[in-house]
Amino acid sequence: MNDLLLRGGRPWTPGRPLTTADILIKDGRITKIGPGLTETATETVDLAGALVLPGLVDSHCHLDKTMYGGPWIPNSGGRTLQGRIANGEGRRDELGLPSPDYAANLLGAMISGGTAHVRSHIDIDPEVGLRGVEAVRAATERYSDRIDVQLVAFPQGGLMNRPGTGKLLEAALADGVEVIGGLDPAGYDGDPTGQLDLLFGLAEKYGARIDIHLHDRGALGAWQYDLIIERTRATGLSGRVTISHAYAMGELAPDEQRRIAEALAGAGVSMVTCAVGDAPVVPVRLMHETGAGLALGNDGIRDLWTPYGDGDMLRRIMTVAFRDRLVADEEIELALTAGTYGGAKVLGVADYGLSVGSAADLFTVTAETPAHAVVSVPARELVLKRGRIVARDGALAAH
């Protein structure tokens, strides 16, 4: 007997027309898609024409920093990168951070909003050690059957300029953390060659992925893109390297943007954009045209860096589309693709999507088209993780 039959929905796959179809699910996977399926199942749900979208992918957030669901904390971080880093480190003990409870609160909101996969950067430095890894793992364990969380060992306070951090990053990888992170190799750390040597060396040693925060603007940012692209080619880590934020990419001259995008595509290096404040957004259309990987994320959510955010990836997709002036339906769908299939590619999720054999991670909304769903950010009516209903109408379902 099949586990679940979803009748009369309109599943979306990029580049394919929307048609009404049933979706049959067994043992957490999609086993059949088509109109008027005759198979039976333990449970049948009539979707009544709802749009069916694959589970959202938040490719860049900070679960260890969040105070989601806690008391209101006025922001005191200021407007500089250095000030926010110092404020975050200086106040985290006072506020009980990192907190498994706050992280779990945020994960619950993400799940009810249709997010199926998350990549979370975890601060690691000599003062906090691996406490952030422990806290986020404890939070993730509460929802292990509802969402998948990939961790990044992240040197938020610097790497080469902070003795002892490199050894802690390696300890995190040895303990099973899947990704090693970096931070502005030139602009903040002041040693781009040294930082990239360390990051790529550890990635090769532990089979880890790489995700580098790169806030540096202008020519300095573009120069570091080339360094990372060259290093990726030299080490054969194509498909495993990501540049997060990449603010410079959104403000360079068009010819330079295209040159970099083509180089990214050729080397298998992806970018993640989060539409943070007024910071430049990576050009979505250009990344699509060149075949360069692009994913989206919420970045900080209700933490010491920002008082904003609710963990809703569909709202973040809308924000990126708005900020990048995507107005035609097919353009808006490119942002949706980046927040779903693009994120799955960055995280290395092999069985993703609405196709036979894929994990049944999906959600439904009432919307005429995928672009309409992005712009209107409707309520998530039904959320499935590995074929099980985990949320309904914006609220978590009972275990």
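Of the residues R285, R209, R217, which is under 30 Å from G176 (Cβ atoms) and in the same structural domain as Y308 (by TED's automatic domain parsing)? Step through it out loud before you land on a result.
Details: R285 fails: under 30 Å from G176 (Cβ atoms); R217 fails: under 30 Å from G176 (Cβ atoms).
R209 is the lone residue from the list that is under 30 Å from G176 (Cβ atoms) and in the same structural domain as Y308 (by TED's automatic domain parsing).
Annotation for the stretch 150-171: no member residue is small (G, A, S), closer than 19 Å to L264 by Cβ and assigned to a helix (DSSP H, G or I).
When T306, T337 are checked against the criterion of being at pLDDT 95 or above, within 30 Å of E89 (Cα to Cα) and assigned by TED's automatic domain parsing to the domain that holds G70, T306 stands alone in meeting it. Among residues of the stretch 301-340 being polar (S, T, N, Q) and under 17 Å from the mean Cα position of the chain (by Cα), the one that is surrounded by the fewest Cβ atoms within 10 Å (Cβ to Cβ) is T319.
For the stretch 31-74, which residues satisfy the criterion of being surrounded by fewer than 24 Cβ atoms within 10 Å (Cβ to Cβ), assigned to a loop (DSSP other than H, G, I, E, B) and among the hydroxyl-bearing types (S, T, Y)? Break it down stepwise before answering.
Going residue by residue through the stretch 31-74, those that are surrounded by fewer than 24 Cβ atoms within 10 Å (Cβ to Cβ) are 31-52, 67-74.
Pick out the ones that are also assigned to a loop (DSSP other than H, G, I, E, B) and you get 35-40, 47-50, 67-74.
Within the stretch 31-74, T38, T40, Y68 meet the criteria.
Which members of the stretch 156-174 meet the condition of being in contact with a strand residue (DSSP E or B) (Cβ under 9 Å, 6 or more places away or on another chain) and of a type outside the set (A, V, I, L, M, F, W, C)? Residues satisfying the conditions are Q156, G157, G158, E170. Taking the conditions (1) surrounded by 15 or more Cβ atoms within 10 Å (Cβ to Cβ); (2) out of contact with any Phe, Trp or Tyr (no Cβ under 7 Å at 6 or more places or on another chain) in turn, L382 satisfies each one other than (2). Taken over the stretch 172-213, the criterion of being assigned to a loop (DSSP other than H, G, I, E, B) and at negative phi is satisfied by D175, V177, E178, P185, A186, G187, Y188, D189, D191, A208.
Considering only the stretch 216-225, I want to know if a residue exists there that is among the aromatic types (F, W, Y) and under 23 Å from V349 (Cβ atoms).
First, the residues of the stretch 216-225 that are among the aromatic types (F, W, Y): 223, 225.
If we keep only those that are under 23 Å from V349 (Cβ atoms) as well, we get none.
No, because not a single residue in the stretch 216-225 is among the aromatic types (F, W, Y) and under 23 Å from V349 (Cβ atoms).
When the helices (runs of 4 or more DSSP H) confined to the stretch 296-383 are screened for residues that are among the acidic types (D, E) and closer than 18 Å to R16 by Cα, those reaching at least 3 such residues are found at 329-337.
Kindly indicate whether P98 is surrounded by fewer than 20 Cβ atoms within 10 Å (Cβ to Cβ), touching a Ser or Thr at 6+ places or on another chain (Cβ under 9 Å), assigned by TED's automatic domain parsing to the domain that holds I243 and not in a helix (DSSP H, G or I). It is false that P98 is surrounded by fewer than 20 Cβ atoms within 10 Å (Cβ to Cβ), touching a Ser or Thr at 6+ places or on another chain (Cβ under 9 Å), assigned by TED's automatic domain parsing to the domain that holds I243 and not in a helix (DSSP H, G or I). Residues that are surrounded by fewer than 21 Cβ atoms within 10 Å (Cβ to Cβ) and part of a loop (DSSP other than H, G, I, E, B) were ranked within the stretch 85-95; the one that is farthest from the chain's Cα centre (by Cα) is E94. Is it true that S358 is surrounded by fewer than 15 Cβ atoms within 10 Å (Cβ to Cβ) and at pLDDT 95 or above? No: the conditions fail for S358.
The values are calculated or read from the model by the stated rules, or taken from the named source; none is laboratory data. Since this is a predicted model, take the numbers as computed values, not measurements. Heads up, the Cβs are rebuilt from the backbone with ideal geometry, glycines too, and the neighbour counts pull from every protein chain shown.
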